[in-house]
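A.B. asks: Have a look at this one before I ask anything.
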Amino acid sequence: MSLQRIVYIILVINLLLLKTAFAQTTSAKNYHAWWQNFYPSSNQKNPKAKQLSLIKVKGNRFINADGDTILFRGVSIADPDKIEKEGHWNKQLFEQVKNIGTMLIRIPVHPVAWRERTPVNYLVLLDSAASWCTDLGLYIDIDWHSIGNLEMELFQDLMYNTSKKETYEFWQTISKHFAGNNTIAFYELFNEPTTYRGQLGVVSWKDWKEINENIIGLIRSYDNETIPLVAGFDWAYDLTPLREEPINAENIAYVTHPYPNKRSQPWEPKWEEDFGFAAQRYPVIATEIGFTVQKNDPADGVENYGERITKYLESNGISWLAWVYDPEWWPQMIGSWNYDLTPSGEFFKKAMQKKPQ
């Protein structure tokens, strides 16, 4: 065999060895290193975490670190995933919200958005919100925004589909991540429980009570300070079961969503019967109120519902948040991303800027 032939064979062998090594390296990069998968880490080293005063429960009131009673007025924004995809997730949004008089911002996290963006990447959005709100002196309510029957895992629309396991894991992640951060004042455990006239199955108050107590216990294994918010039935409107079976936990508050369509007029006696009574013993937040202005009677929504609901809530020491500071989701508080207020947006701006009575 000639020397030239030998050199050629050696070169071929070396090329084959290099190709094999490259293939092995490439293969190594493509496999799933499952042993490197971890839950998102905590955020306890945030230098801004203690900048705002810690909000606590005392009797049926919210108080700050000085013991002053706080009645929150604020707004809900849309889901951060939606806002970011539309190009408006920035500090300017929070500055605009602050300018209309907001003290507390509700941030709804939809299960579908949490899954699709992934918890790690969604926390980046929430961290930005926490940082901006701390700078602006605003508190945050993180809301697990599902609608339906968590006991039977049946929900109103696809965007709300979740499970008990996912709900528990969400609050495990959130409470671990934001423990010790005073800006996050509230954890709203589930947006709107409903069976929708039986179309979403059945659930007893006993079952719903147990689910919430389980979530609260889980949260408190990480975070003893942030206040859990528990919603009643009928799309988070009805708190009458509290007369007999309140949630077995301290330092919590309750949620109501008293929209004008929930009961026929006169509203005030119904409000008192359905949720107002609870504010005599527990802190209550109306985390959603809102209305549209009728073209044939522009004053109807403002004077008939807007004035009456805010007056009723505040006279009973109930904090409130207007739904929704977004130009698309109904009922809109802004007409566009130029932040031009709709008539209901103008009403809530005035209501937030009134001197508390």
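A.B. asks: Based on the alpha carbon coordinates of the range 37-103, what radius of gyration and maximum Cα-Cα distance (Dmax) apply, in Å?
C.D. replies: Just the Cα atoms of the range 37-103 yield Rg and Dmax of 16.1, 44 Å.
A.B. asks: Would you compute, from DSSP H runs of 4+ residues alone, the mean residue ellipticity of the chain at 222 nm, taking -39500 (n - 2.57) per run and dividing by the full residue count, rounded to the nearest 500?
C.D. replies: -11500 deg cm²/dmol
A.B. asks: Continuing with this model, one more query. Ranked highest first by the average count of other Cβ atoms within 10 Å around their residues, in what order do 280-286, 112-118 fall?
C.D. replies: Highest mean packing first, the order is 280-286, 112-118.
A.B. asks: Using the Cα gyration tensor of the range 159-297, with a ≥ b ≥ c the square roots of its eigenvalues, what is the shape: rounded (a/c below 1.5), prolate (a/b larger than b/c) or oblate (neither)? Could you put the intermediate results ahead of the total?
C.D. replies: Values: a/c = 1.63, a/b = 1.58, b/c = 1.03.
In terms of gyration-tensor shape, prolate.
A.B. asks: Quick check: convex hull of the Cα atoms in the range 220-357, volume per residue, rounded to a whole Å³? Please report the intermediate quantities before stating the final value.
C.D. replies: Working: hull volume 19.4 nm³, N = 138.
Expressed per residue, the convex hull around the Cα atoms of the range 220-357 is 140 Å³.
A.B. asks: Ignoring ligands, DNA and RNA, what percent of the 1.4 Å accessible area of the range 189-320 is carbon and sulfur?
C.D. replies: 46
A.B. asks: To continue, here is another question. Mind pulling the per residue volume of the convex hull built on the Cα atoms of the range 315-357? Å³ is fine.
C.D. replies: 70
A.B. asks: Additional query: Would you mind telling me which residue in Pro193, Pro111, Pro246 has the biggest mean-square fluctuation in a Gaussian network model of the chain, where springs connect alpha carbons within a distance under 10 angstrom?
C.D. replies: Pro246
A.B. asks: If you wrap a convex hull around the alpha carbons of the chain, what volume per residue comes out, as a whole number of Å³?
C.D. replies: Working: hull volume 70.0 nm³, N = 357.
Considering the Cα atoms of the chain, their hull volume per residue is 196 Å³.
A.B. asks: Need one value: the accessible area of Lys91 in square angstrom, 1.4 angstrom probe, rounded to the nearest 10.
C.D. replies: 70
A.B. asks: Quick one: which of Lys98/Lys206; Lys209/Lys349; Lys45/Lys98; Lys91/Lys209; Lys176/Lys354 span more than 32 angstrom between C-alpha atoms?
C.D. replies: Lys98/Lys206; Lys209/Lys349; Lys91/Lys209; Lys176/Lys354
A.B. asks: Using DSSP H assignments, which helices in the chain have an axial alpha-carbon span of 27 Å or above and a mean Kyte-Doolittle hydropathy of 0.0 or higher?
C.D. replies: Membrane-span-like by this rule: 3-30.
A.B. asks: Still on this structure, I have one more. How much area per residue is accessible in the chain when the probe is 1.4 Å and only protein heavy atoms are counted (Å²)?
C.D. replies: Values: 17320 Å² over 357 residues.
Value for the chain: 49 Å² per residue.
The values are calculated or read from the model by the stated rules, or taken from the named source; none is laboratory data. Just so it is clear, the model here is predicted, and its values are computed rather than measured. Methodologically, a virtual Cβ is constructed for each residue, glycine included, from the backbone with ideal geometry; neighbour enumeration extends over all protein chains shown. In case anyone asks, the SASA skips ligands and DNA or RNA and just uses the protein heavy atoms, side chains included. Shrake-Rupley method; radii C 1.70, N 1.55, O 1.52, S 1.80 Å.
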